[in-house]
Amino acid sequence: MWAIMKYCKYIFAIYFIFVSCKIFSKEHERDSLLHELHKTILPSDKIEILNLLAEEYFSKDESQAENYASQALFLAQSINDELGEAIAQYHLAGIAQNHDHFDEAFQKLKMAKLGLINSSKSSWIGKVDVRLAIEYKRRLEYEKALSLLLEALDIFTKLNDENTIAEINNHIGGVYFDQGNYEKAYQYYQNSYSIYSEINNEEGIGSLLINLGEIYRLTGKPEDAMSYYKKALLINTNLNREYQLAIIYNNIGNIYLSAGNADSATKYLRQSLTIGEKLQEHGLISSASISLGNLLIHTGNPAAAKSYFSEGLETAGIKSNIGNLRDACKGLSDIYAASGDYKMAYLYHDRFKSLSDSINSVQNQEKITRLEMQYIYNHEQNINKVRKQKKQLRYFLIASFLAIVLIAMILIYGRQKIKIKHTTASANNLKLEKQKLQEEIEFKNRELTTNVMYMVRKNELINIISQNLIKVRNKFDAKLRPEIQEIIIGLQSNFDKDIWKEFEVRFREVHKNFYDNLMKQHPNLTENEKKLCALLRLDMTTKEIAAITHQNPSSIEVARTRMRKKMNLSNTEINLNSYLSGL
């Protein structure tokens with residue numbers, strides 16, 4: 001037992017150090033940004049740093065985040081920095097949303113969207129689209145909300161940002177859910193849940209389990225719904241996400257209410273209301289109050305139910321929650337009708353009907369269907385485009401491979417031809433021995449030249465193909481990129497990095513004393529000059545040397561002149577190649 005406690009103590013200590021390091025790292029990052037802010041002079045740099053600070057402080061200190069974003073906005077407007085202004089508006093809109101200032105947030109997001117029209121920062125366009133879509137959804141403008149979400153989905157699919165792709169699928173599911181199209185909502189919720197599960201995002205999984213459970217509850221499958229809620233309850237309890245727990249308690253309470261289990265329903269609904277009041281979240285308070293109102297009607301206490309419905313109506317108005325406003329009006333209409341106050345019952349029923357019609361607009365649903373069909377069509381077009389590009393890539397690679405094989409065969413053929421000539425020359429009599437030896441040296445020189453030219457040409461071809469593939473890699477679908485990367489790596493693995501080392505080894509085999517004699521006569525030559533001397537010793541032309549060393553012919557000529565001066569040959573008629581051949 002003592003050993004276990006000691007072991008746990010060590011684990012706790014390691015965990016504490018890990019958490020402390022993460023906190024220290026975040027604080028160090030903020031300190032670094034503040035240091036850069038005070039040090040930098042350029043307004044554009046200040047705007048970028050101020051926006052980064054606003055993002056850093058958003059979840060830690062909202063007032064500080066607002067301060068930095070406001071400074072960034074003022075400075076960006078003063079120098080007409082559209083991107084900096086748009087990002088600052090985005091941060092300020094997020095703060096306004098957190099304080100239920102939805103009209104202010106909506107205006108700021110529209111300004112941010114306008115400022116990003118000419119921007120190439122697709123990720124920021126996508127972020128603004130998502131947040132703006134949430135505001136359009138809140139206003140029941142489902143067509144605009146879905147259009148923005150599909151635009152954002154296309155952006156983040158190209159960026160391969162799985163976390164944001166999952167988030168957008170969740171929001172699209174919410175658009176269909178609000179209109180009662182549970183089949184479509186389930187499809188997008190399931191997409192989101194699958195992605196979150198693949199990347200092991202527990203917060204995302206915890207939220208999607210709630211959404212999927214709610215679809216089962218509203219489609220008359222309480223047992224399936226309860227199964228999802230229990231899983232969600234476990235995850236969100238471990239993560240200490242009180243907001244999500246309040247939603248789960250409310251949903252479970254409604255299941256018990258539908259089953260006629262008033263005691264269990266009361267327990268869970270009051271837990272939800274308690275958390276909502278603790279967090280001062282009007283949306284949670286509104287949902288729990290309306291559910292308690294329905295419970296009290298069920299248990300025969302309409303007077304108390306009226307109070308809860310009124311509370312639900314008031315708090316739903318603060319949060320602009322159209323669904324809760326509708327449900328509260330329905331509850332109040334039923335209560336007034338039961339008490340004989342038909343005027344008030346009609347008034348609330350009329351408002352209930354208006355809100356229901358707004359949410360379930362047939363025209364909205366038709367437009368949304370068209371939007372989705374257009375997105376699916378565009379997506380299929382992109383897939384066909386990728387298939388075509390893949391086919392073109394395959395042909396390109398085959399042609400490149402055949403070109404490399406052809407070059408290799410030509411070089412091999414040339415080499416074999418030289419060997420045949422050498423064999424024929426070796427058949428001459430002893431009187432031609434000196435000539436044979438000279439031809440052998442010339443052969444080896446040509447062989448050296450052929451080898452180095454072959455290796456350089458091969459490297460150039462491999463490099464050209466690799467660079468072209470690297471340039472076009474991001475134009476292909478994300479699924480093709482790993483295959484393309486493997487091809488690039490395969491090509492680059494055939495790249496000869498030690499051409500000159502291999503050349504010098506072979507050169508020394510042919511001209512054993514050349515470098516020693518050269519350095520004895522001219523010890524002040526550089527490595528590049530020694531290399532040039534070796535190439536000249538092989539009787540290579542200026543053009544050939546320029547091709548091998550990747551220099552201009554004029555640069556080679558300058559190097560030759562400089563080297564003649566070092567060798568004291570400047571004012572003589574001695575040929576440099578002949579001089580080097582004699583060493």
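The values are calculated or read from the model by the stated rules, or taken from the named source; none is laboratory data. Quick caveat, the model's predicted, so the values are computed rather than measured. Cβ placement follows ideal geometry from the backbone for every residue including glycine, while neighbour counts extend to all protein chains displayed.
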May I ask you to say which residue of E527, E557, E544 is in the same structural domain as T449 (by TED's automatic domain parsing), among the acidic types (D, E), within 49 Å of the chain's Cα centre (by Cα) and surrounded by 12 or more Cβ atoms within 10 Å (Cβ to Cβ)?
E544
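The rows are residues; the columns are (1) buried (at least 19 other Cβ atoms within 10 Å of the Cβ); (2) in the same structural domain as K475 (by TED's automatic domain parsing); (3) over 25 Å from S59 (Cβ atoms); (4) over 17 Å from the mean Cα position of the chain (by Cα).
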{"position": "F102", "(1), (2), (3), (4)": "no, no, no, yes"}
{"position": "A112", "(1), (2), (3), (4)": "yes, no, no, yes"}
{"position": "G115", "(1), (2), (3), (4)": "yes, no, no, yes"}
{"position": "A133", "(1), (2), (3), (4)": "yes, no, no, yes"}
{"position": "R138", "(1), (2), (3), (4)": "no, no, no, yes"}
{"position": "T164", "(1), (2), (3), (4)": "yes, no, no, no"}
{"position": "E167", "(1), (2), (3), (4)": "yes, no, no, no"}
{"position": "Y182", "(1), (2), (3), (4)": "no, no, yes, yes"}
Checked against (1) at pLDDT below 70; (2) closer than 20 Å to Y176 by Cα; (3) of a type in the set (S, T, N, Q), Q381 satisfies every condition except (2)
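Pick out the one residue from D477, D539, D516 that is more than 28 Å from L569 (Cα to Cα) and either modelled with pLDDT of 85 or more or surrounded by 14 or more Cβ atoms within 10 Å (Cβ to Cβ) (or both).
So the residue among D477, D539, D516 that is more than 28 Å from L569 (Cα to Cα) and either modelled with pLDDT of 85 or more or surrounded by 14 or more Cβ atoms within 10 Å (Cβ to Cβ) (or both) is D477.
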Does the range 408-431 hold any residues that are part of a helix (DSSP H, G or I), among the hydrophobic types (A, V, I, L, M, F, W, C) and modelled with pLDDT under 70, and which are they?
A425, L430
Is it the case that the range 205-221 has a residue that's over 38 Å from the mean Cα position of the chain (by Cα) and not hydroxyl-bearing (S, T, Y)?
yes
For the structure I just gave you, tell me whether A76 is within 21 Å of P43 (Cβ to Cβ), buried (at least 20 other Cβ atoms within 10 Å of the Cβ), within 27 Å of the chain's Cα centre (by Cα) and in contact (Cβ under 8 Å) with a residue 24 or more places away in the chain.
yes
When only residues in the range 1-59 that are modelled with pLDDT of 50 or more and in a loop (DSSP other than H, G, I, E, B) count, which is nearest to E82 (Cα to Cα)?
L42
Among the residues of the range 521-531, is there at least one that is over 20 Å from I407 (Cα atoms), of a type in the set (V, I, T) and assigned to a loop (DSSP other than H, G, I, E, B)?
yes
Out of D327, D334, I need the residue that is assigned to a helix (DSSP H, G or I) and closer than 27 Å to E242 by Cβ. Which one?
D327
Criterion: farther than 30 Å from I418 by Cβ and of a type in the set (V, I, T) - qualifying residue of I489, I545, I462:
I489
Among residues belonging to the range 452-474 that are exposed (fewer than 13 other Cβ atoms within 10 Å of the Cβ) and farther than 16 Å from Q389 by Cβ, point out the one that is modelled with the lowest pLDDT.
E460
When every residue in the range 169-180 that is buried (at least 17 other Cβ atoms within 10 Å of the Cβ) and over 29 Å from S120 (Cβ atoms) is compared, the one modelled with the lowest pLDDT is Q179
Selection count where residues are of a type in the set (A, V, I, L, M, F, W, C) and closer than 28 Å to R473 by Cβ, scope the range 129-148:
1
